[in-house]
Every structure is written in structure tokens, then in C-alpha cells.
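Input: a single structure, listed below in C-alpha cells.
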Ligand SMILES: Cc1cc2nc3c(=O)[nH]c(=O)nc-3n(C[C@H](O)[C@H](O)[C@H](O)COP(=O)(O)OP(=O)(O)OC[C@H]3O[C@@H](n4cnc5c(N)ncnc54)[C@H](O)[C@@H]3O)c2cc1C
């Protein structure tokens with residue numbers, strides 16, 4: 001292990017926590033600062049918990065398959081249930097798999113047996129106990145020194161000067177946008193609003209994930225089958241730094257009623273909206289900043305953060321510790337030209 005300094009991780013979502021877990025396994029020193037008073041306030045606590053191993057991007061697919069191994073061996077809430085997918089275009093390599101009817105029988109989709117679901121809050125809770133202490137209520141800012149390095153981090157009112165060997169990893173989800181402004185790092189992140197809806201499971205459905213990609217809706221049983229968790233939202237960019245208060249539920253409900261009549265608005269229990277941040281080429285930013293030597297990014301996970309983070313985190317840990325076994329991260333380099 002070459003790096004003997006402290007690794008400061010900003011953000012305790014799935015990215016920051018899986019990284020911390022990987023660093024812990026390698027006995028590296030790290031500290032986690034989390035802006036909120038608890039984990040899961042943003043995307044990592046508000047997602048559908050779907051592990052999507054199908055992907056046209058073979059690089060991302062390889063990381064999801066790694067994550068699948070991880071969840072199978074470590075995550076008690078992971079359930080292998082398969083997914084029925086009605087894709088936009090049938091150009092996935094899985095096109096040879098069997099067809100299966102959606103629960104409303106109006107159409108058929110491809111049944112992918114090797115997919116599954118997890119309970120995002122359970123994943124976070126397990127990781128919180130694994131990684132040790134987290135400094136909550138600690139929104140952190142970056143202070144650039146000589147233009148080649150981060151000189152210090154400012155946690156609320158307290159400044160922590162960085163030692164020569166120390167590094168900072170921004171795993172701050174949508175907070176990465178504000179932090180990239182502080183460092184003048186050129187990260188092209190587009191924010192999309194996505195909403196999670198929880199319905200009472202009046203159908204008692206307990207089958208696979210059903211995903212109508214055309215309507216941009218997917219749902220799965222959750223909460224021991226008591227609820228159906230659905231997500232909907234158009235891929236229309238929103239301001240990355242604005243408040244999200246307006247949700248166009250009417251449009252989502254019209255789609256639900258058309259595609260999945262049992263996702264009935266009278267049965268709605270809860271809804272939670274947040275942003276997903278995606279680089280223009282749909283691949284996350286993972287690795288060293290293009291200009292600053294002691295700054296690293298683990299962000300832009302888009303709609304796949306739960307699916308790819310556990311696969312990516314050990315390689316990022318290797319990179320931070322100076323090991324060469326991190327070459328697979330090259331396609332995610334923050335300085336890549338998109
Ligand atoms: C509705 C919805 C459904 C989704 N469904 C799926 C799915 O089925 N499968 C899948 O794989 N992915 C899904 N995703 C995507 C997935 O949730 C995200 O990609 C992932 O959670 C992003 O994780 P993160 O750790 O990067 O960000 P976050 O979860 O946002 O965590 C970042 C943390 O950093 C903290 N932070 C921010 N700024 C600072 C700062 N300055 N200092 C310190 N801390 C800071 C925040 O408080 C937050 O806790 C979905 C997303 C949404 C919104």
C-alpha cells in the first residue's frame with residue numbers, strides 16, 4: 001500500500017460508503033463527511049433498488065456483474081427475482097432469452113432471470129455499520145491551494161489542512177456540481193428529475209421487476225410484498241443546483257394508469273423526488289481530477305448507482321492506494337473529452 005495519508009470522502013451515499021468499505025478491507029485510513037444528519041436523504045435512499053445487469057454499454061455491464069457478485073455474497077436484502085423488460089429496441093445481447101407476459105397481460109417482454117432487487121435503505125444501514133464512524137451534519141467545501149492541489153477542506157466552520165499524502169474523494173452525488181464549481185473542474189453533469197412512488201400492493205404481486213422502458217416506468221414489490229415501488233419521470237434535464245419542488249404527478253399517473261392500471265393513485269402511500277446526475281456519455285466520473293493532484297471523483301452515477309458502485313469501489317480504492325490494478329477505470333476518467 002503506497003498511500004499512507006488520510007482519504008477524505010465527501011458524501012455517504014452508495015458511492016462514498018462502498019468506497020469506504022473497500023478501503024476498510026485494505027486497512028487504509030479514511031474519514032467520511034456527510035452533509036446531512038443521516039444517510040439516504042438523496043438518490044441512494046430514494047431509488048428503486050433494481051440491479052440492472054442488461055446494458056448496451058459493455059463497460060458498465062461488466063461493473064454491474066461485479067456488483068451482482070457483491071450483493072449475492074454480502075447483502076441480505078438482495079433478492080434474485082429476474083426482470084421482465086420491454087425495451088425500446090431489441091438490440092440487447094439478451095434478445096435470445098424467453099418472453100414473458102407483464103402482470104397486466106397487455107404485452108410481453110424479455111425475461112432476464114439474472115437480475116434482482118434490493119432494499120436501498122437496508123443496503124445503506126449495513127454499510128453504515130461496516131464503515132465505522134461518519135461525521136454527520138458536515139457539509140464540506142474544497143479550498144484550492146496552488147492550483148495543483150486541494151490545500152484544505154472546510155467542514156462547516158472548521159478548516160482541515162491537507163498533508164502531502166492526503167487525498168479527497170468527492171462522492172457527493174448531486175452535491176458534486178457545487179464542488180466542481182469550487183475547483184473549476186470541468187465535469188459535464190446533466191441532472192434529470194426522477195420520482196419514486198410507493199403504492200399499496202393490492203394485487204399481492206410478488207413477481208419479478210417489470211420495466212417498460214418505452215414508458216420509462218418500472219416497478220417491483222417491496223417492503224415484504226406490502227408495497228409496489230414504481231419510478232417514473234421523463235429524461236428532461238432540470239437545474240442541477242435548484243430546489244426540486246414541482247412534480248408533474250398528473251403525467252406520471254396517466255402513464256401508470258395506461259401501462260399498469262393497478263398503480264392506482266388512490267393506493268399511493270408515498271413519493272420522493274430527487275435528481276440523477278449523468279455525464280453526457282452516460283458513464284460515471286471515477287478517478288483523479290484532470291488538474292488537481294490530490295482530488296478524486298466518484299460521481300455521475302445516473303440511474304445505475306446501486307448497480308455499479310460496489311463493482312467500481314474496490315478499483316477506486318486500488319487507485320487511491322497507488323496500486324496499478326485500477327486500469328479498468330480509464331473509461332471513467334474525469335478528464336476525458338466527451
Ligand atoms: C427515483 C430513482 C430511482 C433509481 N433507481 C435505481 C435503480 O433501480 N437501480 C440503480 O442502480 N440506480 C437507481 N437510481 C440511481 C441511484 O440511486 C444513484 O445513482 C445513486 O444513489 C447515486 O449515489 P451517490 O452516492 O453518488 O449519491 P447520493 O445518494 O446523492 O449521495 C451523496 C451524498 O453526499 C452528500 N453530500 C452532498 N454534498 C456534500 C458536501 N458538500 N459535503 C459532504 N457531503 C455531501 C449528500 O448529502 C448525500 O448523502 C435511481 C435514482 C432515482 C432518483
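The values are calculated or read from the model by the stated rules, or taken from the named source; none is laboratory data. In this text, all values refer to a predicted model and were calculated from it rather than measured experimentally. Neighbour counts run over all protein chains shown; Cβ positions are idealised from the backbone, glycine included.
Side notes on the structure shown:
- Per this entry, residue 322 is counted among residues that are on the phi > 0 side of the Ramachandran plot and touching a residue at least 12 places away in the same chain (Cβ under 8 Å).
- Residue 235 touching a strand residue (DSSP E or B) at 6+ places or on another chain (Cβ under 8 Å), within 16 Å of the ligand (Cβ to nearest atom), outside the structural domain of residue 41 (by TED's automatic domain parsing) and modelled with pLDDT under 95: yes
- Scanning region 118-142 for residues that are under 16 Å from residue 6 (Cβ atoms) and assigned to a strand (DSSP E or B) returns 135, 140, 142.
- Matching residues, region 268-303, being within 10 Å of the ligand (Cβ to nearest atom) and modelled with pLDDT under 95: 271, 272, 273, 274, 275, 276, 277, 278, 302, 303
- Checking residue 229 against (1) in contact (Cβ under 8 Å) with a residue 60 or more places away in the chain; (2) more than 27 Å from residue 151 (Cβ to Cβ); (3) surrounded by fewer than 24 Cβ atoms within 10 Å (Cβ to Cβ); (4) outside the structural domain of residue 55 (by TED's automatic domain parsing), the condition it does not meet: (3)
- Among the residues examined, residue 144 qualifies as more than 26 Å from the chain's Cα centre (by Cα) and either crowded, with 19+ Cβ neighbours inside 10 Å or under 25 Å from residue 241 (Cα atoms) (or both).
- Every residue from region 138-156 that is without any contact (Cβ under 8 Å) to a residue 12 or more places away in the chain and either in contact with a strand residue (DSSP E or B) (Cβ under 8 Å, 6 or more places away or on another chain) or within 14 Å of the ligand (Cβ to nearest atom) (or both): 145, 151, 152
- Members of region 157-182 found to be crowded, with 19+ Cβ neighbours inside 10 Å and within 13 Å of the ligand (Cβ to nearest atom), listed by number: 168, 169, 170, 171, 172, 173, 174, 175, 176, 177, 179, 180
- Apart from one condition, residue 50 fits all of (1) in contact with a strand residue (DSSP E or B) (Cβ under 9 Å, 6 or more places away or on another chain); (2) modelled with pLDDT of 95 or more; (3) more than 20 Å from residue 129 (Cα to Cα); the exception is (2).
So that you can scan it fast, the table gives a plain yes or no per residue for (1) in contact with a helix residue (DSSP H, G or I) (Cβ under 6 Å, 6 or more places away or on another chain); (2) touching a residue at least 12 places away in the same chain (Cβ under 8 Å); (3) on the phi < 0 side of the Ramachandran plot:
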{"site": "4", "(1), (2), (3)": "no, yes, yes"}
{"site": "30", "(1), (2), (3)": "yes, yes, yes"}
{"site": "41", "(1), (2), (3)": "no, no, yes"}
{"site": "54", "(1), (2), (3)": "yes, yes, yes"}
{"site": "63", "(1), (2), (3)": "yes, yes, yes"}
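- For region 108-134, filtered to residues that are in contact with a strand residue (DSSP E or B) (Cβ under 6 Å, 6 or more places away or on another chain) and in contact (Cβ under 8 Å) with a residue 60 or more places away in the chain, the residue that is surrounded by the fewest Cβ atoms within 10 Å (Cβ to Cβ) is 111.
- Residue in region 114-134 that is farther than 18 Å from residue 205 by Cα and at pLDDT below 90 present: yes
- Looking only at region 316-338, residues that are away from the ligand (no atom under 16 Å from the Cβ) and farther than 13 Å from residue 282 by Cβ come to 15 in all.
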